[in-house]
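Note sheet for the following structure.
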């Protein structure tokens with residue numbers, strides 16, 4: 001069952017050696033798949049494995065995403081190695097997910 005959250009854009013990466021040397025990847029598809037995956041309850045670990053690889057070896061990566069719930073934008077950001085509970089960090093998401101499951 002699809003998540004009530006829709007990922008508009010998600011980026012994972014870093015500046016390797018300065019502003020002119022950005023290494024990042026679009027992880028919109030990976031994040032939406034994780035949120036839509038049965039049984040994960042909207043909890044996603046942000047790391048090289050879940051975000052499709054390491055865009056810049058030997059540096060700390062950062063994650064940023066814009067999602068929507070009922071057309072309202074929601075903003076998320078964190079560092080590599082953190083876990084984000086997307087469903088329970090925003091009021092109404094867990095409730096809407098439960099309503100979807102009920103029918």
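Summary of values
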quantity	calculated
Footprinting exposure proxy for 76, 86 (fewest neighbouring C-beta atoms within 10 Å first)	76, 86
Footprinting exposure proxy for 22, 51 (fewest neighbouring C-beta atoms within 10 Å first)	22, 51
Cβ-based exposure ranking for 27, 84, in which fewest neighbours within 10 Å come first	84, 27
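Every number in this text was worked out from the coordinates using simple rules, so none of it is lab data. Since the model is a prediction, treat every value here as computed from it, not as a measurement. As a convention, Cβ positions derive from the backbone with ideal geometry for all residues, glycine included, and neighbour counts pool all protein chains shown.
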